[in-house]
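Peer 1: Let me give you the structure first, and then I'll get to my questions.
The values are calculated or read from the model by the stated rules, or taken from the named source; none is laboratory data. Nothing here was measured: the structure is a model prediction, and the numbers come from that model. Backbone-built Cβ (ideal geometry, glycine too); neighbour counts: all protein chains shown.
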Amino acid sequence: MQKWWTIMLFVMAFPFIYLCMNRVFHATVMCITMNVAIMLVFIYAPTEKVQGIVQKIFYFHVSSAITMFFAFFLVCVASIMYLWKNSDWWDAIALSAAEIGVVFCTLVLITGPLWARPIWGTWWSWDPTLTLTLVLWLIYVAYLMLRIEIYDPNRARFAAILGIIGFVDVPLIRWSVEKWRTLHPKPVLIQEGGTTGLTSAMLLTFLVCLGAFLLLFFYLLRERISIAQSRHALEVLRHEIDEIL
Amino acid sequence: MSKNSNSFIAPMSGSKIFLQQVLALLEKDLKTEWRTREIFTSMFVFAVLVVVVFNFAIGADPELIRQVASGVIWIALSFASVLGLQRTGRMESEEDSLQGVLLALHDRSALFIAKMLAQMLYLLMVVICILPLCGIWFRIDFLACIGELCLAFTLGMLGLSIVGTLFGMIALHTRAREVMLPLLFLPVSIPLTIAAVQATAQLIDGKSLRDIADYLVLIGIFDVVFFVLALIVFDYIVEE
């Protein structure tokens, strides 16, 4: 339990780091951290006894899973702030975080089965965590589609509502799939990839890896927000030209 | 602003006006529906079709069908609910009747509650008509646990109509309404579907109310959370 709080605090520090860095510095730090993370994963971290080399995917899988949850959390916060303050900046954050969150969610859904195939002996099992991730993917893909499909000028508001609802739904989905699974227990389930009993070398590797993923997330977020803002500025200009003509 | 304009009817308390408006809107919807029976008929026929098609997909093994019956019924109800919401949405967007209603309202959440109650009543009617049919086709005695089933279905229908009405209103503003509504509605209602299917399946198996209490609590919490959330965000949906 204590370990979870440490990781939460670690993750929560990144928005502040993000706000303190400029773009070039951010890119540099990100490149260095990513390279260090790869070296740590493949050279420094010990190979796990039972699972062997397969366990290494844990560093990427869990890091992208945590980044994904953080992204969706950010969508929810930005959506609430948008409804409250009605500023386009918050909307740009919600849209960007949702898009990148879906990318990381897809990564989780790809790396998960890659690990599960040799360890569980099956590509997919309806384990609560897997099911939750899949449902989240569906909800946020719907979120992105909603943003495309709305012709209303107030589309940001509808998207914001879905952004909030989607995240509020997470504990309910989690609860329901857990209850649903306990009714159909599968004997093949093993504790997920080494979350219990990480050695300190593994934990260090994991944290650096998580840091690299979060830096990547924030870098993509930064770029995506600037695209969203340019697009918005372009729309405003176009509107002005239309009025003049 | 709205407070000032309504101050001359101060002797009537706010909640009483609210209740009257909800009832008036509900009466309007039900009256329209009674004259055409459009929404109920399409929902019911569609639900029957889903049950029949699933019956063919599963095969003729009576034991297997018994096991999946509750799932089939709830899928039929979710799909029928989407269909009903689409018809309601089309009726509202014709000639901008929604705008007229919104202008007349003191508190706009009255519209949400009325629409939700109407949707719930249609769904309950579909349930009442479809359960005997499923009982006969799947050879299940629903009468043995009818009281518990009523509770489970009422709670479940409430949740489906809350989420459905909310997304139905959002989908009104999209280009491909027919596609967007199920895309939004089905994934978000997954917790409800899981809990409701399990509760119904266990009741059919002869379990008591105490055995399924967990599921009913889950459905209840789903209802409460989304009801409160819907009331908070509804103003943002209908705001111009």
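Peer 1: Kindly indicate whether A:Ala156 is over 17 Å from A:Ala65 (Cα atoms), among the aliphatic types (A, V, I, L, M), touching a residue at least 40 places away in the same chain (Cβ under 8 Å) and surrounded by 18 or more Cβ atoms within 10 Å (Cβ to Cβ). I'd like the intermediate steps shown before the answer.
Peer 2: On the way: over 17 Å from A:Ala65 (Cα atoms): yes; among the aliphatic types (A, V, I, L, M): yes; touching a residue at least 40 places away in the same chain (Cβ under 8 Å): yes; surrounded by 18 or more Cβ atoms within 10 Å (Cβ to Cβ): yes.
So A:Ala156 fits the description; yes.
Peer 1: Quickly run through the range B:189-222 and pick out the residues that are among the hydroxyl-bearing types (Ser, Thr, Tyr) and either more than 9 Å from every other protein chain (Cβ to nearest Cβ) or outside any helix (DSSP H, G or I) (or both). Let's see the steps before the verdict.
Peer 2: Of the residues in the range B:189-222, the ones among the hydroxyl-bearing types (Ser, Thr, Tyr) are B:189, B:193, B:200, B:208, B:215.
Those that are among the hydroxyl-bearing types (Ser, Thr, Tyr) and either more than 9 Å from every other protein chain (Cβ to nearest Cβ) or outside any helix (DSSP H, G or I) (or both): B:Ser189, B:Thr200, B:Ser208.
Peer 1: Contact list please: Cβ distance under 8 Å, first residue in the range B:212-240 and closer than 11 Å to B:Leu192 by Cα, second residue modelled with pLDDT under 90 and surrounded by fewer than 16 Cβ atoms within 10 Å (Cβ to Cβ), pairs at least six apart or on different chains.
Peer 2: The qualifying pairs are B:Leu216/B:Leu209.
Yes/no matrix, rows are residues, columns are (1) farther than 17 Å from A:Ser96 by Cβ; (2) at pLDDT below 90:
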residue: A:Ile150; (1), (2): yes, yes
residue: A:Ala160; (1), (2): no, no
residue: A:Asp169; (1), (2): yes, no
residue: A:Trp180; (1), (2): yes, yes
residue: A:Gln191; (1), (2): yes, yes
residue: A:Glu235; (1), (2): no, yes
residue: A:His239; (1), (2): yes, yes
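Peer 1: While we're here: Say whether the condition of being farther than 30 Å from A:Phe158 by Cα and not in a helix (DSSP H, G or I) is met by at least one residue in the range A:58-71. Reasoning before the result, please.
Peer 2: Looking only at the range A:58-71, we keep the residues that are farther than 30 Å from A:Phe158 by Cα, and these are A:58-63.
Of the ones still in play, those that are also not in a helix (DSSP H, G or I) are none.
No, the range A:58-71 has no match at all.
Peer 1: Here is a follow-up. Of everything in the range B:52-70, what is closer than 24 Å to B:Lys207 by Cα, surrounded by 17 or more Cβ atoms within 10 Å (Cβ to Cβ) and out of contact with any Ser or Thr (no Cβ under 6 Å at 6 or more places or on another chain)? Give them in sequence order. Give the steps one after another, and end with the answer.
Peer 2: Going through the range B:52-70, the residues closer than 24 Å to B:Lys207 by Cα turn out to be B:61-70.
Narrowing further to those that are surrounded by 17 or more Cβ atoms within 10 Å (Cβ to Cβ): B:65, B:68-70.
Of everything in the range B:52-70, those that are closer than 24 Å to B:Lys207 by Cα, surrounded by 17 or more Cβ atoms within 10 Å (Cβ to Cβ) and out of contact with any Ser or Thr (no Cβ under 6 Å at 6 or more places or on another chain) turn out to be B:Ile65, B:Val68, B:Ala69.
Peer 1: Could I ask something else about it? State yes or no: is B:Val225 aliphatic (A, V, I, L, M), surrounded by 21 or more Cβ atoms within 10 Å (Cβ to Cβ) and either under 30 Å from B:Gln67 (Cβ atoms) or within 11 Å of chain A (Cβ to nearest Cβ) (or both)? Give the steps one after another, and end with the answer.
Peer 2: Details: aliphatic (A, V, I, L, M): yes; surrounded by 21 or more Cβ atoms within 10 Å (Cβ to Cβ): no; either under 30 Å from B:Gln67 (Cβ atoms) or within 11 Å of chain A (Cβ to nearest Cβ) (or both): yes.
In short, no.
Peer 1: As an exercise: evaluate A:Glu99 against (1) away from chain B (no Cβ under 14 Å); (2) surrounded by fewer than 18 Cβ atoms within 10 Å (Cβ to Cβ); (3) closer than 28 Å to B:Leu172 by Cβ and give the number of the one condition it does not meet.
Peer 2: Of (1) away from chain B (no Cβ under 14 Å); (2) surrounded by fewer than 18 Cβ atoms within 10 Å (Cβ to Cβ); (3) closer than 28 Å to B:Leu172 by Cβ, only one is false for A:Glu99: (2).
Peer 1: Hey, can you tell me all the residues within the range B:90-129 that are surrounded by fewer than 23 Cβ atoms within 10 Å (Cβ to Cβ), over 18 Å from B:Gly14 (Cα atoms) and of a type in the set (Gly, Ala, Ser)?
Peer 2: Within the range B:90-129, B:Ser93, B:Ser97, B:Gly100 qualify.
Peer 1: Let me ask another. B:Val238: more than 9 Å from every other protein chain (Cβ to nearest Cβ), over 24 Å from B:Leu149 (Cα atoms) and surrounded by fewer than 14 Cβ atoms within 10 Å (Cβ to Cβ), yes or no?
Peer 2: Details: more than 9 Å from every other protein chain (Cβ to nearest Cβ): yes; over 24 Å from B:Leu149 (Cα atoms): yes; surrounded by fewer than 14 Cβ atoms within 10 Å (Cβ to Cβ): no.
No, not satisfied.
Peer 1: Name the residue, out of B:Leu181, B:Leu231, B:Leu166, B:Leu186, that is in contact with a Ser or Thr (Cβ under 6 Å, 6 or more places away or on another chain), within 29 Å of A:Leu83 (Cβ to Cβ), in a helix (DSSP H, G or I) and at pLDDT 90 or above.
Peer 2: On the way: B:Leu181 fails: in contact with a Ser or Thr (Cβ under 6 Å, 6 or more places away or on another chain); B:Leu166 fails: in contact with a Ser or Thr (Cβ under 6 Å, 6 or more places away or on another chain); B:Leu186 fails: in contact with a Ser or Thr (Cβ under 6 Å, 6 or more places away or on another chain).
B:Leu231 is the lone residue from the list that is in contact with a Ser or Thr (Cβ under 6 Å, 6 or more places away or on another chain), within 29 Å of A:Leu83 (Cβ to Cβ), in a helix (DSSP H, G or I) and at pLDDT 90 or above.
Peer 1: Report yes if some residue within the range A:44-52 is out of contact with any Leu (no Cβ under 6 Å at 6 or more places or on another chain), at pLDDT 85 or above and β-branched (Val, Ile, Thr); otherwise report no.
Peer 2: Start the filter on the range A:44-52 by keeping residues that are out of contact with any Leu (no Cβ under 6 Å at 6 or more places or on another chain), which leaves A:44-52.
Add one more test, that the residue is at pLDDT 85 or above, and what stays is A:44.
Applying the additional criterion that residues be β-branched (Val, Ile, Thr) yields none.
The answer is no; no qualifying residue exists.
Peer 1: Next up: Which condition from (1) crowded, with 21+ Cβ neighbours inside 10 Å; (2) away from chain A (no Cβ under 13 Å) is the one that B:Gly164 breaks?
Peer 2: So the condition that B:Gly164 fails would be (2).
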